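Novice: My questions will all concern the structure given below.
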Amino acid sequence: MNRRQGGFSLIEIMVVLIIIGVITAGVGAKFLGKADQSRVDQAKIDFSTIEKALKLYRLDNYRYPTNEQGLEALTEKPTVDPIPRQWQDGGYLDSLPVDPWGSPYVYVTPGEQSEYDVYSLGADGRAGGEGFDADLYNRDRREK
């Protein structure tokens, strides 16, 4: 009795692995783009949160924090002039968000087109850049 063992040949297994690799590469590339876009979307949400806190700060203290006071004035009462007289106990934010790439947001007053700018240096953490390395500004969120 001649019995042949059933199973897969090495070539069949290699073909299946190659097909799985091609599919995984295509799907992985698609999801990497989604991850980058979700970071940009998170930065826009953070801008909205920071802008609301800045507006509350201004309502209480009649001005926005200075460059020297920075965004930290939203979590801790400033100790440099002008000292806010009506600073809200507990602050205006529980903690300062960092951008989706792990760097602090930059605050500048006056801003280029408004009373202040809040921005992220993007994925590369440096000024300028293109694509996901480009700087993201709060004013860009409002324009769209």
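Novice: Which condition number does V118 fail, the rest of (1) open to solvent by 20 Å² or more (accessible area, probe 1.4 Å); (2) within 20 Å of S38 (Cα to Cα); (3) outside any loop (DSSP other than H, G, I, E, B) being met?
Specialist: That leaves (1) as the condition not met.
Novice: A follow-up question, please. Checking D89 against (1) over 12 Å from I50 (Cβ atoms); (2) at pLDDT 95 or above, only one condition comes out false. Which one?
Specialist: So the condition that D89 fails would be (2).
Novice: How many residues are in a loop (DSSP other than H, G, I, E, B) and either among the polar types (S, T, N, Q) or open to solvent by less than 40 Å² (accessible area, probe 1.4 Å) (or both) if we restrict to segment 121-141?
Specialist: Total satisfying the criteria: 5.
Novice: Among K77, K144, which is the only one that is modelled with pLDDT of 95 or more and open to solvent by 80 Å² or more (accessible area, probe 1.4 Å)?
Specialist: None of the other options fit; the residue is K77.
Novice: Just to be sure I understand the filter: pairs with C-beta atoms under 8 Å, separated by 6 or more residues or on different chains, first member in segment 63-86 and over 17 Å from E115 (Cα atoms) and among the hydrophobic types (A, V, I, L, M, F, W, C), second member at pLDDT 95 or above and loosely packed, with under 14 Cβ neighbours inside 10 Å. Which pairs pass?
Specialist: Close Cβ pairs satisfying both conditions: V80/E68; I83/K77.
Novice: Then there is this: Can you tell me which condition R58 does not meet? The list is (1) in contact with a helix residue (DSSP H, G or I) (Cβ under 7 Å, 6 or more places away or on another chain); (2) open to solvent by 80 Å² or more (accessible area, probe 1.4 Å), and all the others hold.
Specialist: Every condition holds for R58 apart from (1).
The values are calculated or read from the model by the stated rules, or taken from the named source; none is laboratory data. Source: prediction; values computed, not measured. Every residue, glycine as well, gets a Cβ built from its backbone with ideal geometry; the counts of neighbours run over all protein chains shown. Calculation scope for accessible area: heavy atoms of the full protein, side chains included, ligands and nucleic acids excluded. Shrake-Rupley method; radii C 1.70, N 1.55, O 1.52, S 1.80 Å.
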